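The values are calculated or read from the model by the stated rules, or taken from the named source; none is laboratory data. Fair warning: this is a prediction, and the values are worked out from it, not measured in the lab. Neighbour counts run over all protein chains shown; Cβ positions are idealised from the backbone, glycine included.
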Amino acid sequence: MAQSHDYPVIVIGGSLVGLSAALFLSHWKVPVVVLERHPSSALHPRAVGYTARTIEFLKTVGASDDLKGIMWKGGPPKRVVVESLSGKWENEVAWTEKKTASAPPADEKGGKEAPKGPPPGPVYSHVQGVAVAQDIIEPVLRTHAIRLGAELRLGHKVLDWTQDDQGVTVTATNPDGTEYSLRGQYLVACDGARSPVRDKLGIKRQGVGILRALRSILFKCPRINHYLDHGYSQFQIQNGEFEAFMTTYGEGRWMLAWSDGTEDLDNPETKLGLIRKATGLSDLTGDDVEFITTGQWDIGGLVADEYSSGRVFLAGDAVHALPPNRAGFGANTGIADVHNLAWKLASVLQGKSRTEILETYTQERQPVAVVRHDQIFARQDYRRYAKDLEWPGKDAEILDDNALEFGQIYHSNGILGSGENLPLAKVPTEWKAQPGTRAAHVSLQKDGETISTLDLFGTEWVVISSDEEWKQSVESAAKSLGITVEFACIGKDIVEEAEGSFNDVYGLNENGAALVRPDGVIAWKVTEKQDESVKVLTEALSKASYATKSN
C-alpha cells in the first residue's frame, strides 16, 4: 500500500523564492508547507529590485496590491564611480553600454536629480518594476501565502531528507529542538547557493565560478543620505587606496561592501574607519552611525546542469548562484523558476497532466539562467572580474534589456513550434506571440475599464483570438481532455484600445488564435484558422498540457 502524504508539496527554504513557491502553489490550490530555519527575515537584505515581470506574477495571484505604500518605482539603479561620497565623482557606469553620461558633481548641498518617469518607447507591460528591500517584501509574501492556504513553519531546521518512488520524507526539528518527520509527494528546495539538497543529489554546476569573497556592513548614517539626491543609489568607490561598493536599501539603510579581509568587524571603531574611507568624511563619529549587522558572501556565477532529480526540484540560488546585479537576475530569476514549476506540479497533482510535464522545468528554466549568467559577465559591472576566465558563454553578445526581461524563449517538449534556431531573446513586439515566449501586453477595454491581455492569463489555459468561432472548438477540446480552458474573444466583450493592435502584436490574421498556458506563456498558435479546428486545437492542447485523458 502506498504511504500516505502529509502534504502534496514540501518546500525547504522560506526566503524570497521559497515564499513565492508557496504563494504560487497555493494560488493553484496545492496544499504546501514551508520549512525555514530562521525565525524571520535576515537582518541583512539582499535583493532590492523586482522587475515588471515579477510584479506581473504577483498581480496574477493578487499580491501586488499588498506592496502599495512600501515600494518606490524606477528603472535599474544608477551607478557612479567616486573617489568617495564626498570626494570627486567620475562617470556614470551604464548597466547596458549604449552611452555613458557624466555624473553631476557631488557636494554637501546635493545636485541635479535623475530624470523621472519611464523612458519613451513601446509599453511592454501594464505594471512597473519596483524597488523594495528583501526584508520588507518577504513579510508581504508570507502574509499573502498564508491567506491563500500555505503553512509556514519558521524556525524549523531540516536535518535530512530521502525520496522513493511514491514521495519524499523530510526530517526536521521545531524551534524547541523536537525532531519530527513529514511525508510529501514532491520536494522543492529553495535552500540557497550552498544548497545541501543539491549537494546530496550530486548535481554539478557550470559558469565563471567563485570570483571573490566580500564582507559588508549594514548601517544608518543620516549625514550621507543627501548624496542620493543626485539620482544615484550605487557607488563604486575607487581611490587608489580603497576599493569598495556602497548602495542603499531604503529607510536610511546603507551597505558598504569590500573584498574579504582580516578586519575585526566586532570592533565598532574598525567599522567606523571603513565607513570614513568610503564616505570621505573623516569627522564621522559613533554618534553619526548606527550599525545594524555585518555579512560575508561569495561573488561569482554558477548554474546547475539539472534542476530536478526524481521527486526533488531545485529553484533560486540553489540552481543559479548569480552575483547582485542591476537587472535583478538573482531574485527575479528564482521567482520565475517557481512560477514555472508551480502550475505544472498543480496539474500533475490534480490528475490533469502526466508526470512527464515536470521534465520541462529544467528544459525551460535552465537555459534562461545560463543566458542571464552570461549577460551579467558581458557587462562592465562584472566583466573586469572574469576577463581572464574561460566558459562557453564568455563572448556573449549583449542583449536588449527589455528582451531579457520580457522576451527570453522557452524550448521544451511542451512548446509546439519553438525551433532551436530562434534568437535567445527579442522584445515582445518582435516575437509576435512566438510559441515559447511570454504572451504580450496589449491594452484593452472591458466593462469600461482599461485592462491588459495579461489580466486574462494566470489561472487556467486560455485560447485568445478575435474570431468568436473558436469558442466551440475550445469547449470541445477542453471537454475531451478534461482540462479547463477559457476563451478570450478580442472584439466582443473585450475590445482593443487601439484598433488592430491585438492581431498586430500577436501576429495573427482575423481568424487566428494562440493557446496560452496557465503561466502566461504561448504554447501554440495558428496564424489563421484551419480546417478541422477542433482536432487541431485538441491535439495541440493534449501535447502542451501532457493531458492524462486522451482525446
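For this structure, a couple of remarks:
- Within the set Thr437, Thr527, Thr548, the sole residue that is of a type outside the set (Lys, Arg) and under 27 Å from the mean Cα position of the chain (by Cα) turns out to be Thr437.
- Matching residues, segment 337-364, being under 11 Å from the mean Cα position of the chain (by Cα) and either surrounded by fewer than 24 Cβ atoms within 10 Å (Cβ to Cβ) or assigned to a loop (DSSP other than H, G, I, E, B) (or both): Asn340
- Residue list for segment 232-279, filter: assigned to a loop (DSSP other than H, G, I, E, B), touching a Ser or Thr at 6+ places or on another chain (Cβ under 7 Å), among the charged types (D, E, K, R) and surrounded by 13 or more Cβ atoms within 10 Å (Cβ to Cβ): Glu263
- Residues in segment 385-402 that are closer than 22 Å to Trp431 by Cβ and not in a loop (DSSP other than H, G, I, E, B): Asp401, Asn402.
- Cβ-Cβ under 8 Å pairs, at least 6 apart or on other chains, segment 169-180 side on the phi > 0 side of the Ramachandran plot, far side in a strand (DSSP E or B): none
- In the set (1) surrounded by fewer than 22 Cβ atoms within 10 Å (Cβ to Cβ); (2) of a type outside the set (A, V, I, L, M); (3) farther than 28 Å from Ile275 by Cα; (4) in contact with a His (Cβ under 8 Å, 6 or more places away or on another chain), Ser216 fails one condition alone, (3).
- Output for segment 460-500, where each listed residue is touching a strand residue (DSSP E or B) at 6+ places or on another chain (Cβ under 8 Å), in a loop (DSSP other than H, G, I, E, B) and of a type outside the set (Gly, Ala, Ser): Glu460, Asp467, Glu468, Ile483, Thr484, Asp493, Glu497
- Some residue of segment 111-122 being closer than 23 Å to Ala257 by Cβ, crowded, with 20+ Cβ neighbours inside 10 Å and modelled with pLDDT under 90: no
- Scan of segment 365-377 for residues that are within 12 Å of Gly301 (Cα to Cα) and either under 15 Å from the mean Cα position of the chain (by Cα) or not polar (S, T, N, Q) (or both), ordered by number: Ala369, Val370, Val371, Arg372, His373, Asp374, Ile376, Phe377
- Any hit, segment 204-212, residues being on the phi > 0 side of the Ramachandran plot, at pLDDT 95 or above and outside any strand (DSSP E or B): no
- Comparison of Leu314, Leu284 shows that the only residue that is touching a Lys or Arg at 6+ places or on another chain (Cβ under 6 Å) and either closer than 30 Å to Arg183 by Cβ or assigned by TED's automatic domain parsing to the domain that holds Lys344 (or both) is Leu314.
- For segment 426-445, the criterion of being within 30 Å of Ser550 (Cα to Cα), of a type outside the set (Gly, Ala, Ser) and surrounded by fewer than 17 Cβ atoms within 10 Å (Cβ to Cβ) is met by none of the residues.
- Taken as a whole, the condition of being closer than 24 Å to Tyr232 by Cα and in contact with a His (Cβ under 8 Å, 6 or more places away or on another chain) does not apply to Gly301.
- Residues being under 13 Å from Ala47 (Cβ atoms) and among the hydrophobic types (A, V, I, L, M, F, W, C) - total across segment 123-168: 7
- Restricting Leu399, Leu416 to those that are within 26 Å of Lys344 (Cα to Cα), aliphatic (A, V, I, L, M) and modelled with pLDDT of 95 or more reduces the list to Leu416.
Every residue, every condition in (1) touching a residue at least 40 places away in the same chain (Cβ under 8 Å); (2) acidic (Asp, Glu); (3) in the same structural domain as Ala342 (by TED's automatic domain parsing), yes or no:
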{"position": "Glu449", "(1), (2), (3)": "no, yes, no"}
{"position": "Glu460", "(1), (2), (3)": "yes, yes, no"}
{"position": "Asp467", "(1), (2), (3)": "yes, yes, no"}
{"position": "Leu481", "(1), (2), (3)": "yes, no, no"}
{"position": "Thr484", "(1), (2), (3)": "no, no, no"}
{"position": "Gly491", "(1), (2), (3)": "no, no, no"}
{"position": "Leu508", "(1), (2), (3)": "yes, no, no"}
{"position": "Asn511", "(1), (2), (3)": "yes, no, no"}
{"position": "Glu539", "(1), (2), (3)": "no, yes, no"}
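- Residue that is surrounded by the most Cβ atoms within 10 Å (Cβ to Cβ), among those in segment 365-401 that are of a type outside the set (Lys, Arg) and closer than 30 Å to Pro31 by Cα: Ala369
- Residue check for Ser216: modelled with pLDDT under 95 and either assigned to a strand (DSSP E or B) or under 21 Å from Tyr50 (Cβ atoms) (or both): yes
- Filter result for Gly512 (surrounded by fewer than 18 Cβ atoms within 10 Å (Cβ to Cβ) and not hydrophobic (A, V, I, L, M, F, W, C)): no
- Among residues of segment 284-310, those that are part of a loop (DSSP other than H, G, I, E, B) and either in contact with a helix residue (DSSP H, G or I) (Cβ under 9 Å, 6 or more places away or on another chain) or in contact (Cβ under 8 Å) with a residue 40 or more places away in the chain (or both), counted: 9
- Strands (runs of 3 or more DSSP E) within segment 150-199 that include 2 or more residues polar (S, T, N, Q): 157-163, 168-173, 179-189
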